[in-house]
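The values are calculated or read from the model by the stated rules, or taken from the named source; none is laboratory data. Quick caveat: nothing in here was measured; it's all calculated off a predicted structure. Note that we place each Cβ from the backbone using ideal geometry, even for glycine, and neighbour counts take in every protein chain shown. Just the protein is used for accessible areas: all its heavy atoms, side chains included, with ligands, DNA and RNA removed. Shrake-Rupley method; radii C 1.70, N 1.55, O 1.52, S 1.80 Å.
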Amino acid sequence: MTGMPDHDHIYTNEAAQYDLLISREDCRHNIMETFRRLLPNLEHLDVADIGAGTGRLSCLLAPYVQSVVAIDASQAMLDIAADKLKRTGLTNWETCVADNRRLPLPDHSVDVVTAGWTICYSANSKVDRWNVHLETILAQIQRILHPSGTAIIMENFGTGDEQPNPPDFLTSYFHALETEYGFSHAWIRTDYRFTSVDEAERLSRFFFGPDIADKVSAANLQTVPECTGVWWKRV
């Protein structure tokens, strides 16, 4: 569809606007509840947050874990993540520019890998050899995890819908996680709560594209429903 956002451009050139969008996502309670359920003894864990972006998951986890390294392909995104982490006064974090397929960490060096809204860019059905990219990324995750470590993946499971309605181009990837790679699956709500209908429409158009933005405008939505899929595996 014409007018669809160029996310590579956004992540490189409009990171601040992206960070404004994710600041409106009401995700802290449900995501932290998920982490606490899957990860006992958070305070003893070293975490690698791959595809960290502007620090959505890194900033949530840093106050509770032993250490976190935020990894992303975009320096612009990591600059914002670093600024937010600095403002917390914490020192148990670092950032690193890298592709998910070539993680610059030693073997068996972390207890947890989180991957939020990131593997989808390499492993969706619109990408040639998406299944090969997925295999490569998951192999990298397994390589850097300690034995008995945990991988947690989060992805879009339906924007603008009260119940799961994942994009068609992601369903093969999700199916592979569960049937080929042995991940367990659940979903949570992480709705966007904007300051106004105008902001909801503008930021939805900026990142999600015209279909969602037009739906927001037509329904006069200030809160945009969001379903987030969660997949996890202990290796």
- Query: Among residues other than L42 whose Cβ falls under 14 Å from its Cβ, what is the net charge (Lys/Arg +1, Asp/Glu -1)?
  - Reply: -3
- Item | Separation in nanometres of the label points that stand 7 Å from Cα toward Cβ, at A219 and Q66 | 4.4
- Loop-located GluC sites (Glu not before Pro) in the range 159-216 whose Cβ has at most 15 other Cβ within 10 Å (DSSP): E162, E180
- Task: Any chance you could look up the accessible area of W187 with a 1.4 Å probe, heavy atoms only, rounded to 10 Å²?
- Result: 90
- Query: Roughly how many whole Å is it from the C-alpha centroid of the range 1-77 to that of the range 153-181?
  - Reply: 18
- Query: Ignoring any ligand, DNA or RNA, what whole percent of the accessible area of the chain comes from carbon and sulfur when the probe is 1.4 angstrom?
  - Reply: 48
- Using alpha-carbon coordinates, inclination of helix 75-87 to the longest axis of the chain, degrees: 80
- Item | Folded to 0 to 90 degrees: helix 130-144 orientation relative to the chain principal axis, Cα | 40
- Task: Work out from phi, with θ = phi - 60° and the Karplus expression 6.51 cos²θ - 1.76 cosθ + 1.60, the ³J(HN,Hα) of each residue of the range 51-63, listed in order in whole Hz, and give x for Gly and Pro.
- Result: x, 5, x, 8, x, 3, 7, 4, 5, 5, 7, 3, x
- Query: With a sphere of radius 9 Å drawn around the Cβ of Y192, what net charge do the other residues whose Cβ falls strictly inside it have (Lys, Arg +1; Asp, Glu -1)?
  - Reply: -2
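Once the mean 1/r over all distinct Cα pairs of the range 72-209 is inverted, what Kirkwood radius in angstroms do you read off?
For the range 72-209, the Kirkwood estimate is 17.1 Å.
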- Task: Please give the solvent-accessible surface of D214 in Å², to the nearest 10, using a probe radius of 1.4 Å with every protein chain present.
- Result: 80
- So how do H185, H175 rank on accessible area, 1.4 Å probe, biggest first, that is with the largest at the start? H175, H185
- Give a residue-ordered list of calculated ³J(HN,Hα) values for the range 9-20 (Karplus: 6.51 cos²θ - 1.76 cosθ + 1.60, θ = phi - 60°; whole Hz; x for Gly, Pro). 5, 4, 5, 8, 10, 9, 4, 5, 5, 4, 5, 4
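For F169, F174, what's the largest-to-smallest order of accessible area, 1.4 Å probe?
These residues rank, largest area first, as F169, F174.
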- Query: Roughly how tilted is helix 28-38, in degrees to the nearest 10 and between 0 and 90, from the longest Cα axis of the chain?
  - Reply: 30
- Query: What FRET efficiency do you get for H108 and Y181 if R0 is 22 Å and r is their Cβ-Cβ distance, rounded to the nearest 0.05?
  - Reply: 0.70
- Task: Determine the sum of side-chain charges near W130: Lys and Arg each +1, Asp and Glu each -1, restricted to other residues whose C-beta is under 14 angstrom from that of W130.
- Result: -2
